[in-house]
Amino acid sequence: MSTTPPNQPPYPPSGDTNAPFDPTNVNDPRYDPSRDPRYDPRWQKAQQRYYRDQQRMADRQGRAQQKAAAAAWKMQARVQRDQMKMYWRGQRRTSLIGPILLITIGLIFFLVHSGKISTIGFFNWYAHWWPLLFIAVGVLRLAEWAIDRAMAPADAPPMRYSIGGGVIFVLVVLACVGLASHTLQWRADNNGMQFFGFKGEGMEHFFGQKHEEDAAPMLRTIQANGSLSIVNPRGDISVAGTSDDGQIHLSVHKSVYTNSDNAASDRMRDLTPVFEGADDNLTLRVPTVQGGTADVTLLVPPATHLLLNSTRGDVHVTNMKAPLVVTADNGDVEVAAITGPVQVHGNNRHHDISVRSVAGDAIVDGTGDEVTLTDVTGSATIHGDFFGGANVQRVSGRVAYNSSRTDLNFSKLYGSFSIDRDDIEADQVVGPALVQTRSRNVTLNKVSGELKVVNNHGDVKVDAAMPVGSLTIDNQNGSVTLTLPDKGKFNLQAETSDGDVHSEFGATNSPGKGILTGTVNGGGPQVRINTSHGDISVSRNMTGGLTPPPPPQKLSGVPVPPTPPDTLNIPMPDVNAITANALKQAQDALEASQKSLEDAKDLTREQKEQARREIEQAKEKMKEARDKQRQADQLARDAARKAKQQQDQ
């Protein structure tokens, strides 16, 4: 009987009975399951270890392939990105904003450096208008984009537009400067800088204690009808044409801030004004001294041509009979009783300008707070931005006011004219007259002759007088009220796009809504009114013609220098001589005492103490002499002021 399992070939297949024994061959008759290594736990662990190593090897190969694929993908993406950058760089259009901005900044720096424009005036303007810089940049960039799109072919690839990182940085810096300027301007307007002790009088007080001195009066001869230029960087300038001896009388009040008495003496000496030039063309120049100011007061012949230049300080000029030119960068200006043309240039929005009683033309330009012109027999011109407004009264010639917001012209002004932030008011105006403004209410009373009013966002009220001239009122977003003489002859045409029309003249009619036409008293000059979003009212008045004001009081010649009060019991020149002599004697005594104390090294203690007491007494005498001189000057100024008041009365 065969031992071969069913369905298995006989063992051995080759019939060789000497074949080696395979313990894993279940068909071998000698097969013993207990000797099969596959059931041995050690063999099973070895097999598991082998399979695990094979799996790890396969995982390593898979990860290596993935890394290689990722690196290849990154490299390809980087190459594509670089190609796109190169493409867009080739398609980028550079902007003209950068060069234009650099040219503008360089031009402004050049004008400031050359003195064509003032630094303070420019920053006052820039603090208000700096946001327009970004609007201009945006408009210019939009225009460049539109031009490129219009000129590019239809099949052209898209372009890339950029102004550059450098231009953006410059714009950010300019915005910071604008915000800082606006903040400082707001603090100045609201007295915010007073917290730091700065009240617009300069920073001299930061240098130490204040030392004051009234210098001895100075005399200088000037030729008849000569010219005098006064340059004072720090301090007030006061000039009066009351000298009748052909000489210039100069008084100086010096102030120095320092913590050292020796430095104060040196700076007082350096602060002495100096006359330069010939007798027919003199220049009075006050040196610039750190921490020092000098207030100069001059009595000059009335026919002297004056040219005043004040960097920081007020200017007062009276009783002159020659042309006058004043430039004040930081201070109030007061001009009165001048026979001749007057020109005043202001350069600070926080200071006022006042010009009164001028027998000639008066011109005020620049920037300032409030400007006043009164009793001008010539023309009156105001050109610039005066943020506190303007007041003009009684001008025999033409009146012109030109600012960034308003243009105004009158042929004559019998009454008054005022302008502020919200309103324009004028009374007794002689045409031809023009008022062109925006965002203000316009009120004109007793206007005769031709008139044109152009306004936007404000009401207009006009009271016309005889004779009625051509009247044109163009208003936007505001009502119009017009009163005309009952006996006036004119042709009326009024129209509003959104409002009612009313007339007290029966000859007028309404051909349509918001329209009024007609001929009054037989017709005459054209009266045309046009407004939008407002009512129109035309009424009667009984106003006749304008009556010219009486001529201003004739300016007197050179007033006689007033005699000081009797409290001094001596004339004013003797007072000056005595106080100057006393001051000189006290100064000599002080110097002699100090020299004696320095030279006598071997003195006893009692002698040194005696010398120090003498020095203190000399100082007291100097102080008393200065006080007497200051009192004498004040009494002289009070007497001159009283004499002028009596003269005006």
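Taken together, A426, A390 contain a single residue that is in contact with a Ser or Thr (Cβ under 8 Å, 6 or more places away or on another chain) and under 20 Å from L471 (Cα atoms), which is A426. When restricted to residues that are surrounded by fewer than 21 Cβ atoms within 10 Å (Cβ to Cβ) and within 18 Å of T311 (Cβ to Cβ), segment 231-251 contains 4. All of S470, S503 fail the test of being in contact (Cβ under 8 Å) with a residue 24 or more places away in the chain, surrounded by fewer than 21 Cβ atoms within 10 Å (Cβ to Cβ), of a type in the set (G, A, S) and under 22 Å from G522 (Cβ atoms), apart from S470.
Of all the residues in segment 260-284, those that are in a strand (DSSP E or B) and within 15 Å of V239 (Cβ to Cβ) number 4.
The residues listed here are K513, K489, K412; of these, the one that is farther than 13 Å from V527 by Cβ and surrounded by fewer than 17 Cβ atoms within 10 Å (Cβ to Cβ) is K513.
Here are the criteria: (1) modelled with pLDDT under 90; (2) closer than 22 Å to T531 by Cβ; (3) assigned to a strand (DSSP E or B). Tell me which single one T481 does not satisfy. Going through the list (1) modelled with pLDDT under 90; (2) closer than 22 Å to T531 by Cβ; (3) assigned to a strand (DSSP E or B), T481 breaks only (1). Within segment 214-230, being crowded, with 19+ Cβ neighbours inside 10 Å and part of a strand (DSSP E or B) holds for D214, L228, I230.
Within segment 306-330, the set of residues being closer than 24 Å to F122 by Cα and in a loop (DSSP other than H, G, I, E, B) comprises G313, D314, D329, N330.
The values are calculated or read from the model by the stated rules, or taken from the named source; none is laboratory data. Because the structure is a prediction, the values reported are computed rather than measured. Here the Cβ is made from the backbone with ideal geometry for all residues, glycine too, and neighbour counts use every protein chain on show.
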